[in-house]
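**Q** This structure is in structure tokens; I'll ask about it shortly.
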Amino acid sequence: MEDWVEPTKDEIDQVAGLVRSNRWQNAFSHGVDDISFLDDGFVSEIPAHQTILDYWTAQKATRPDGLFTVKMVNPTEIPSILSNVMLLDIVDDGFDARYRVYGTGIVSKVGKDWSGKLVSEMNRSVRSNQALFYRGCYRAVFLENRAMFTKHQAISWLDANTWQRLILPVYTECGGTMARFLVCNIAEKGRALSAHEWTVMNQTRYD
């Protein structure tokens, strides 16, 4: 695996700025196909994304300020896509985030449950060049206060070819501070890992 260096805050902020200005196309050393902020009325071609987007939109419409808040996160409302959902607590103004929920469908593709871990801890363990992409996008969502869609090529040894992510802001009940990211993450052309593959991946790819 290639040498890996943890991104600095300055690097994360620089990438977040490129994402916010839609000038990210040459910012990454691996395949990123799309990073887009969502406009009102956005319709997704991915059924799971549309399901969570409809839920998010309907819930936030019940508040005068139009914010989707932490109390609105109810897994029983989206059972059909729950295995592809992640919920992250925002840390350090979006420079990092901690996985509160890490869907079982995603676990079956990556071979490890990252619940309770920081995004930076995952990046540090995996040591891939995608760390700047992940953290720059989350920081951009935090700064822009808008939902985001991303599509990128998976690490070659993961059990997926492409990841398509919908990142939705979640706010505190009072004050309107962004507190979490609600994410629906869909793998294309993937399959569930066998028990043997799961064991091998954990032994050889993680600290």
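The values are calculated or read from the model by the stated rules, or taken from the named source; none is laboratory data. Since this is a predicted model, take the numbers as computed values, not measurements. Cβ placement follows ideal geometry from the backbone for every residue including glycine, while neighbour counts extend to all protein chains displayed. Calculation scope for accessible area: heavy atoms of the full protein, side chains included, ligands and nucleic acids excluded. Shrake-Rupley method; radii C 1.70, N 1.55, O 1.52, S 1.80 Å.
**Q** Rank Phe28, Phe37, Phe133 by mean-square fluctuation in a GNM of the chain with C-alpha springs under 10 angstrom and give only the top-ranked residue.
**A** Between Phe28, Phe37, Phe133, it is Phe28 that shows the largest mean-square fluctuation.
**Q** Cut-off under 25 Å on the C-alpha distance; same-chain residues fewer than 8 positions from Lys109 excluded. Which lysines are left, in chain and number order?
**A** Hits, sequence-local ones excluded: Lys117, Lys151, Lys189.
**Q** Please report the accessible area of Val110 (heavy atoms, 1.4 Å probe, ligands and nucleic acids excluded) in Å², nearest 10.
**A** Taking all protein chains as shown, Val110 has close to 10 Å².
**Q** Might you tell me the accessible area per residue for the chain, computed with a 1.4 Å probe and given in Å²? List each step's numbers first, then the result.
**A** Working: 10040 Å² over 207 residues.
About 48 Å² of surface per residue is accessible.
**Q** Give me the lysines in straight-line cross-link reach of Lys71: C-alpha distance below 20 Å, same-chain residues under 8 apart excluded.
**A** Excluding near neighbours in sequence, the set is Lys60.
**Q** Given the chain, what whole percent of its Cα pairs are spread farther than 21 Å? Walk me through the intermediate numbers first.
**A** Working: 11052 of 21321 pairs.
The share of Cα pairs beyond 21 Å in the chain comes to 52 percent.
**Q** To the nearest 20 debye, what charge dipole does the chain have about its Cα centre, counting +1 at the Cβ of each Lys and Arg and -1 at the Cβ of each Asp and Glu? Kindly include the intermediate steps, with their values, before the conclusion.
**A** On the way: 22 positive and 26 negative charges, 57 e Å.
The dipole magnitude comes to about 280 debye.
**Q** Relative contact order (percent) for the chain, with alpha-carbon contacts under 8 angstrom and 6 or more residues of separation? Provide the component values of the computation, followed by the final result.
**A** On the way: 358 pairs, mean separation 54.6, N = 207.
Dividing the mean separation by the residue count of the chain yields 26 percent.
**Q** Top mean-square fluctuation among Ile46, Ile12, Ile35, Gaussian network model of the chain, C-alpha springs under 10 Å?
**A** The residue that fluctuates most here is Ile46.
**Q** Among Ala187, Ala61, Ala131, which one shows the highest mean-square fluctuation when the chain is modelled as a Gaussian network with alpha-carbon springs under 10 Å?
**A** Ala61
**Q** Compute the distance from the alpha-carbon center of the range 56-70 to that of the range 1-48, in whole Å.
**A** Answer, in whole Å: 26.
**Q** Express in nm, to one decimal, how much length is gained between Gln25 and Asp113 on full extension, taking 0.36 nm for each residue of separation and deducting their alpha carbon distance. Walk me through the intermediate numbers first.
**A** Numbers: separation 88, 0.36 × 88 = 31.68 nm, distance 3.02 nm.
So the extension gain works out to 28.7 nm.
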